[in-house]
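Report on the structure given below.
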Amino acid sequence: MRKFKTFSAVVISIILFQAVSAQVMVKGIVKDNKGNPIAGASISIKDSYDGATSDSLGRYSFKAFEKGPQLLVVSNIGYKSFEQQVKLESGVLTIDVVLKQEVTELTAVVLSAGTFEASDRKRAAAVLDPIDIVTTASANGDITGALKTLPGAQQVGESEGLFVRGGTAAETKTFIDGTLVNNFFFSSVPNIAQFGRFSPFIFKGTVFSTGGYSALYGQALSSALILESIDLPDQSSANLGISVLGINGGYQHLSKNKQSSFGASYSYTDLSLAFAVIKQRQDYSKVPAYHGADANFRIKTSKTGMLKYYGYFSSNRLAFTTNSIDSLGYLDKFSIQNSNVFHNLSWKENLPKRWKIFSGISYTNNKDDINSNMQDNNKNDVVLNGLEFKEFNVDTKGTYFNVKTVLEKKLKGLSAIRFGGEYNFSYDRLIYTAYNNQQYPNAVKEHIKAAFAESDIYATNDLAIKAGLRFEHSAILDKINIAPRLSLAYKLGKGTQASLAYGIFYQNPERRYLPSPNALTFMKATHYIAQFQRSINQQTLRVEVFYKKYDNLVKTGITNFTESAINNNGFGDASGFEFFWRDKKTIKNFDYWVSYSYLDTKRDFLNFPFAITPNFAAKHTASLVTKKFVQQLKMNLNASYNYSSGRPYYNIGFDGTNYKFNDRGTIPDYHNVSFAINYLPKIGKKDAKSFAVYVLQVSNIFNIKQTFGYQYSYNGYRKEAIVPTSRMFVYIGAFLSFGVDRSDEVINNSL
Amino acid sequence: MKKSFFVLLTSFILINSFAQSEKYIKAMEALVPAVDTTRSPDGLTQLANSFERIANAEKTMWLPFYYAALCHINKANGYFQTQELEKVDPLMEIAEPLLAKAEELEKNNSEIMCLKKMFNTGKMMADPMNRFMTFGQSAAQALEVAKGLNPENPRVYLLEGIDKYYTPEQYGGSKTEGKRLFEEAMKKFEAFKPASSIHPSWGISQVKYFLTLD
């Protein structure tokens, strides 16, 4: 009984003690460093239940049950936590708090001048989603096809590549997982634009820079296309595709512990069927046929490390004749056989103390065997007097090797420094065989070594600066260059920012004009870009103005009957205005973007008699891309319209001493309306073991005549329009995949 | 004397820990019913902060972590109605570590798997075209696990019902199937006894609401 009394006494005194001591009132106001109140901040006494949440005026108050010296913690998302020692005794304790903004990827301004990003990261520069690349009707499932609907890129139809802001296609370089890709497109065929070699589905991120890109990249005067390959697949799967163009199949295996994967695929493309239905301008003796195979593995080397390999092999051939422009009643025959091997290995890993390493190697081996000759109407090979030069054979072999390492040290917040080196080896061999079997071999070996450093400085969420320096040495030129790069971005308000970019870019003279009889130097471009961007709630507005100055462009002359580089006296400039608007919000399930580019450019390079607007530059370029998803039909309806004002054309002749114009003019405006339907019958069926996508795609649906330029007979008396191989093209295909729902792969165009 | 001192000491320790756990239960009991009734964004932030304080003080209890994450996810769900999709990801970023902590403290729990399903669905809904593959699948998997761990958990059927109800028919959704699941959930709710006064029991008001819809 006595014990029970003691027990009760103890209980009572404990309860009393706790009740009596609950007397300190803590209150105050939470503000940011601009003096604005912060609502919803959490205020707490560390390791206790005591605390409160600030109201819309930033005010808080609570009764503290804890006693004595304690730690007051105030936190809110987007701000650095605040801690203060407090002594809880009695009465009222007033503590006003100022929280400092934390610089994070979600809140910080983005260096977006000159950059279009297609990724699922929610950043201001990401105006496209990865899926946009394949659901753009005019893209035909080709990466660059989709990028051509963005401002800055030209609608050039007679040859492949991205012509950016008055630059040639050779001024755009492509990088996969950090390393340079040679032969990104299939080998050139006269007047027929070729597709990219790589399926858009192997990439998860695309950055298309139309100028002012980072010091990590070089050797591109105008533009860099930076592609990042996918990581581990979500699950093992097999897929099969059948279309009017051919078949493809593949398998991806994900290991049970989800730490590694491997896969391989094969595709065979044969245009016989398509060409039988859709009349081609060319008469094919060998219809284009492509074998393509690839293999990959991806291994998680640690929690943050990833080793990726992608290997690619392709072999293709084609041969066709067209009515000869030089001699009536005769045919011009062209044939090409290409084989290409590409290996890419990359590794990234987080190191201790906020260091990060990235390393990549790529290797390419490319072979082209090109034949040109004349035939009579019965398709017998002939050599005509005065036109002997039309019979030749070109055998080229290229070996390319690129290795790059980047080290990054993260500083406070998002700030970082980055530096590293790059080595580029290329060995091009060419044998030109003339009609009389005379051979003219040449070989060009080049080593480019580069070192670079850059730093990202995020002073606050509102101001970011990237400053970089790139240093290159070219063995063949025996020269060095130093290229500074600078870009900055400033947040004007919620979702609104202004950006500036400046940079100097160097590039070696193009291989096709080498070797040169004279010493050459780097070609040079200087970019100035200013951008305004507003991206709020599924709507993006982007306006950009730029000025680009070209120096030391290569001029060519005729030496030994071939056109080769003779000096760096070329120059030029380009200026323009670009507009982009995307709206996913106004109409439900309807997404569209509009882009417009104004370009004013002149240059004197290659064989131009003086500075002129080059034939690959249109003054006005515009695109409208629309995407509509119809739930009831389970169909994606995508349409696009591309426009470009007439580009100039020239026939430049050599009179023995000088280049001069034999003819010049302007081609008609270009219009193209494309339409695509993707039917996904099994979308959303969670337990479906297979997934199917059916595709119908029509380009130039209104059959509008398109002219890309003119070609001239050797004597210059006859001219002929360069037009697409067929006015309209229809593509039908079915794609099946097993074991995984691939609803995002709405079109898998295997071209 | 020695003996009584020992008894006193033992009882003091016992009482203190008893008082401590009673304090925990009392604090939780004051907050848990609000989970079912709080819908305003500010109210949910306040509730989440309160749970988080308890979570950080207790450290080993999974329930406050669970409820804190639930409040943030419920707040994010409110933004789907107002179409303020850009506000979703930041909230999910707060919820994610809280959810992970709850899972670390309490393995193989049907309620936590339900919350995981809600987290993944929320992530997917913020950008369905690009996230359907990843988050859509993880959401479906989490719900399956939740059902396997406790087929009597009414929230499994509530979440499944919401999925079916709002998914267009072309994607395998069905209003009637949704209704059937809400009725199923109702039955489970009637039979459901939470493990304690502070274990998850929310959802019945939502089921009742859905049952009044056509």
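Quick one: which residue in A:LEU463, A:LEU469, A:LEU500 is under 25 Å from A:THR104 (Cβ atoms), of a type in the set (A, V, I, L, M) and modelled with pLDDT of 95 or more?
A:LEU500
Under 7 Å between Cβ atoms, at least 6 apart or on separate chains: pull out the pairs that start in segment A:591-604 with a residue that is free of Cβ contacts under 8 Å to residues at least 12 places away in the same chain and end on any residue that is assigned to a strand (DSSP E or B) and surrounded by 22 or more Cβ atoms within 10 Å (Cβ to Cβ).
none
For A:LYS258, all conditions in the list (1) farther than 30 Å from A:PHE163 by Cβ; (2) assigned by TED's automatic domain parsing to the domain that holds A:ALA289; (3) assigned to a strand (DSSP E or B); (4) not polar (S, T, N, Q) hold save one; what is the number of the exception?
Unmet condition: (3).
Of (1) within 12 Å of another protein chain (Cβ to nearest Cβ); (2) modelled with pLDDT of 95 or more, B:LEU99 satisfies all except one. Which?
The single condition B:LEU99 does not satisfy is (1).
The rows are residues; the columns are (1) closer than 22 Å to A:ARG197 by Cα; (2) in contact with a Gly (Cβ under 6 Å, 6 or more places away or on another chain); (3) at pLDDT 85 or above.
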| residue | (1), (2), (3) |
| --- | --- |
| A:VAL103 | no, yes, no |
| A:ALA108 | no, no, no |
| A:LYS122 | no, no, no |
| A:ILE143 | yes, yes, yes |
| A:ALA153 | yes, no, yes |
| A:GLY157 | yes, no, yes |
| A:ALA169 | yes, yes, yes |
| A:LYS173 | yes, no, yes |
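For A:PRO69, which of the numbered conditions (1) without any contact (Cβ under 8 Å) to a residue 40 or more places away in the chain; (2) of a type outside the set (A, V, I, L, M, F, W, C); (3) within 12 Å of another protein chain (Cβ to nearest Cβ) fails to hold?
(3)
Taking the residues in segment B:133-183 that are at pLDDT 90 or above and not in a helix (DSSP H, G or I) as candidates, determine which candidate is farthest from the other protein chains (Cβ to nearest Cβ).
Restricting to residues being at pLDDT 90 or above and not in a helix (DSSP H, G or I), the top hit is B:GLU152.
For every residue, the table says whether it meets (1) in contact with an Asp or Glu (Cβ under 7 Å, 6 or more places away or on another chain); (2) surrounded by 17 or more Cβ atoms within 10 Å (Cβ to Cβ); (3) not small (Gly, Ala, Ser).
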site: A:SER362; (1), (2), (3): no, yes, no
site: A:ASN365; (1), (2), (3): no, yes, yes
site: A:ILE370; (1), (2), (3): no, yes, yes
site: A:GLN375; (1), (2), (3): yes, no, yes
site: A:ASN378; (1), (2), (3): no, no, yes
site: A:VAL383; (1), (2), (3): yes, no, yes
site: A:PHE392; (1), (2), (3): no, no, yes
site: A:TYR400; (1), (2), (3): no, yes, yes
site: A:LEU407; (1), (2), (3): no, no, yes
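For segment B:202-212, give me the residue count where each residue is in contact (Cβ under 8 Å) with a residue 24 or more places away in the chain and at negative phi.
Matching residues across segment B:202-212 total 7.
Might you let me know whether segment A:453-469 holds any residue that is farther than 30 Å from A:LEU500 by Cβ and over 22 Å from the mean Cα position of the chain (by Cα)?
Scanning segment A:453-469 turns up no residue that is farther than 30 Å from A:LEU500 by Cβ and over 22 Å from the mean Cα position of the chain (by Cα).
From the set of residues in segment A:496-507 that are under 30 Å from A:ASN569 (Cβ atoms) and surrounded by 22 or more Cβ atoms within 10 Å (Cβ to Cβ), which is farthest from the other protein chains (Cβ to nearest Cβ)?
A:TYR506
Matching residues to (1) over 21 Å from A:LYS627 (Cβ atoms); (2) among the β-branched types (Val, Ile, Thr):
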position: A:GLY58; (1), (2): yes, no
position: A:ALA64; (1), (2): yes, no
position: A:LEU72; (1), (2): yes, no
position: A:VAL86; (1), (2): yes, yes
position: A:ASP96; (1), (2): yes, no
position: A:LYS100; (1), (2): yes, no
position: A:VAL134; (1), (2): no, yes
position: A:ASN140; (1), (2): no, no
position: A:PRO151; (1), (2): no, no
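I want to confirm something. Restricting to segment A:263-294 and keeping residues that are in a strand (DSSP E or B) and of a type in the set (D, E, K, R), which single residue is nearest to A:ASP231 (Cα to Cα)?
Result: A:ASP294.
Can you give me the number of residues within segment B:104-149 that are within 15 Å of B:MET92 (Cα to Cα) and among the β-branched types (Val, Ile, Thr)?
Summing the residues that are within 15 Å of B:MET92 (Cα to Cα) and among the β-branched types (Val, Ile, Thr) in segment B:104-149 gives 1.
Read through the list (1) more than 13 Å from chain B (Cβ to nearest Cβ); (2) within 21 Å of B:MET28 (Cβ to Cβ), then give the number of the only condition that A:PHE62 fails.
Of everything listed in (1) more than 13 Å from chain B (Cβ to nearest Cβ); (2) within 21 Å of B:MET28 (Cβ to Cβ), A:PHE62 misses just condition (1).
Which condition breaks for A:ASP234 when tested against (1) under 13 Å from the mean Cα position of the chain (by Cα); (2) assigned to a loop (DSSP other than H, G, I, E, B); (3) under 27 Å from A:ASN296 (Cα atoms)?
(1)
At the interface with another protein chain (Cβ under 8 Å from one of its Cβ atoms) and under 50 Å from the mean Cα position of the chain (by Cα): which single residue out of A:SER48, A:SER56 fits that description?
A:SER56
Quick check on this structure: which one of A:ILE448, A:ILE465, A:ILE457, A:ILE482 is among the hydrophobic types (A, V, I, L, M, F, W, C), surrounded by fewer than 17 Cβ atoms within 10 Å (Cβ to Cβ) and assigned to a strand (DSSP E or B)?
So the residue among A:ILE448, A:ILE465, A:ILE457, A:ILE482 that is among the hydrophobic types (A, V, I, L, M, F, W, C), surrounded by fewer than 17 Cβ atoms within 10 Å (Cβ to Cβ) and assigned to a strand (DSSP E or B) is A:ILE482.
Restrict the check to segment A:428-451 and report whether at least one residue is within 14 Å of A:LEU216 (Cβ to Cβ) and in the same structural domain as A:LEU221 (by TED's automatic domain parsing).
The answer is yes; a qualifying residue exists.
Restricting to segment A:263-321, count the residues that are under 30 Å from A:ASP332 (Cβ atoms) and either touching a Gly at 6+ places or on another chain (Cβ under 6 Å) or of a type in the set (A, V, I, L, M, F, W, C) (or both).
16
What number of residues within segment A:364-380 are among the hydroxyl-bearing types (Ser, Thr, Tyr) and without any contact (Cβ under 8 Å) to a residue 12 or more places away in the chain?
Within segment A:364-380, residues that are among the hydroxyl-bearing types (Ser, Thr, Tyr) and without any contact (Cβ under 8 Å) to a residue 12 or more places away in the chain number 0.
Find all pairs meeting these conditions: Cβ atoms under 6 angstrom apart; at least six residues apart or on different chains; first residue within segment A:520-534 and under 21 Å from A:GLY572 (Cβ atoms); second residue charged (D, E, K, R).
A:THR521/A:LYS479; A:LYS524/A:ASP551; A:ALA525/A:LYS548; A:THR526/A:LYS549; A:HIS527/A:LYS548
The values are calculated or read from the model by the stated rules, or taken from the named source; none is laboratory data. Computed from a predicted structure; not experimentally measured. Counting neighbours? That spans all protein chains shown, and the Cβs are built from the backbone with ideal geometry, glycine included.
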